[in-house]
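Visitor: After the structure tokens below, expect a handful of questions from me.
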């Protein structure tokens with residue numbers, strides 16, 4: 001049995017995130033697999049490795065992932081390109097030490113990035129246009145380990161959704177952007193807004209929508225694996 005029905009927790013770890021399909025899993029920075037201070041290898045098979053040759057800019061290995069200092073640590077990634085009207089799903093297991101404009105993925109400039117803007121806001125800038133998903137209460141808490149998932153649905157509208165620990169959050173207003181976006185940095189948008197805290201695992205899917213059932217499986221896999 002490769003997968004689990006909706007709502008059933010994955011305790012055996014038989015199901016793996018790459019079962020969704022090699023055509024859509026573009027990057028998998030897998031916890032405790034091929035992780036070094038200078039390089040976190042991509043387990044998807046697509047060579048989107050996270051690399052940093054400068055020792056002063058390298059994060060510390062911690063908990064099978066990387067701990068970023070919030071002031072300089074970041075990594076370069078072979079670009080992951082999501083075309084206009086193409087769906088994408090970003091899922092990360094993080095434990096932030098700060099939530100004030102901290103970038104998860106970027107392109108080494110201010111034109112495209114995904115960041116935690118505050119404890120109540122996720123900001124996604126796509127093709128130069130920013131969209132902010134705001135929530136009525138604090139969701140992204142310093143010192144809390146959680147699974148954060150950002151979904152952009154394919155199609156002309158490009159609706160944006162955020163999940164925390166597998167639960168879809170309800171924003172104060174809906175947001176959408178169907179434009180093209182690329183990711184080529186981990187932990188910064190360029191030379192600022194450095195991520196502060198732990199990134200324990202990171203996955204990026206694109207080219208088509210991840211089904212609701214597969215999204216449940218991804219969340220269950222990570223929640224159980226990381227004891228969340």
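Values quoted throughout were computed directly from the atomic coordinates according to the rules given, and no laboratory measurement underlies them. The structure displayed is predicted, hence computed values, not measured ones. Glycine gets a Cβ as well: all are built from the backbone with ideal geometry, and neighbour counts include every protein chain shown.
Visitor: Rounded to the nearest 500, what is the chain's calculated 222 nm mean residue ellipticity when only DSSP H runs of at least 4 contribute -39500 (n - 2.57) each, over all residues?
Guide: That comes out to -2000 deg cm²/dmol.
Visitor: Rank-order 194-204, 34-44 by packing density, defined as the average count of other C-beta atoms within 10 Å over each peptide's residues, highest first.
Guide: Ranked by mean Cβ neighbours within 10 Å, highest first: 194-204, 34-44.
Visitor: More than 11 angstrom separation, counting every C-alpha pair in the range 102-145; what % is that?
Guide: Value for the range 102-145 (Cα pairs over 11 Å): 65 percent.
Visitor: A further question on this structure: Taking a label point 7 Å from the Cα of residue 47 along the Cα→Cβ vector, which residues of the range 161-196 have an amide N closer than 20 Å to it?
Guide: Under cut-off, by backbone N: 182-186.
Visitor: When you have a sec, figure out the Kirkwood radius of the range 17-135 from all distinct Cα pair distances and drop it here in Å to one decimal?
Guide: Taking the inverse mean of 1/r over all distinct Cα pairs, the range 17-135 comes out at 15.5 Å.
Visitor: Please check: in the Gaussian network model of the chain (C-alpha springs, under 10 Å), which one of 175, 16, 52 has the largest mean-square fluctuation.
Guide: It is 16.
Visitor: Applying a 10 Å radius around every beta-carbon, put 165-171, 91-97 in order of their mean neighbour count, most first.
Guide: Going from most to least packed, we get 91-97, 165-171.
Visitor: A further question on this structure: Give me log10 I(q)/I(0) at q = 0.14, 0.21, 0.22 Å⁻¹ for the range 110-222, Debye formula, one equal scatterer per alpha-carbon, no solvent.
Guide: Debye intensities relative to I(0), on a log10 scale: -0.59, -1.49, -1.64.
Visitor: How many times 2.2 N^0.38 Å is the alpha carbon radius of gyration of the chain?
Guide: 0.92
Visitor: At 7 Å along Cα-to-Cβ for each site, give me the label-to-label distance between residue 100 and residue 32 in nm.
Guide: Placing both labels 7 Å along Cα→Cβ, they lie 3.5 nm apart.
Visitor: Using only Cα positions of the range 139-191, each an equal point scatterer, no hydration layer, compute I(q)/I(0) via Debye at q = 0.26, 0.28 Å⁻¹ and quote the log10 values to two decimals.
Guide: Log10 I(q)/I(0), no solvent term: -1.11, -1.11.
Visitor: Give me the one-decimal nm value for the distance between modelled label points at residue 81 and residue 227, 7 Å along each residue's Cα-to-Cβ direction.
Guide: The two pseudo-label positions are separated by 4.3 nm.
Visitor: Residue 167 versus residue 212, label points 7 Å from Cα toward the beta carbon: distance in nm?
Guide: Once both label points are built, they end up 1.8 nm from each other.
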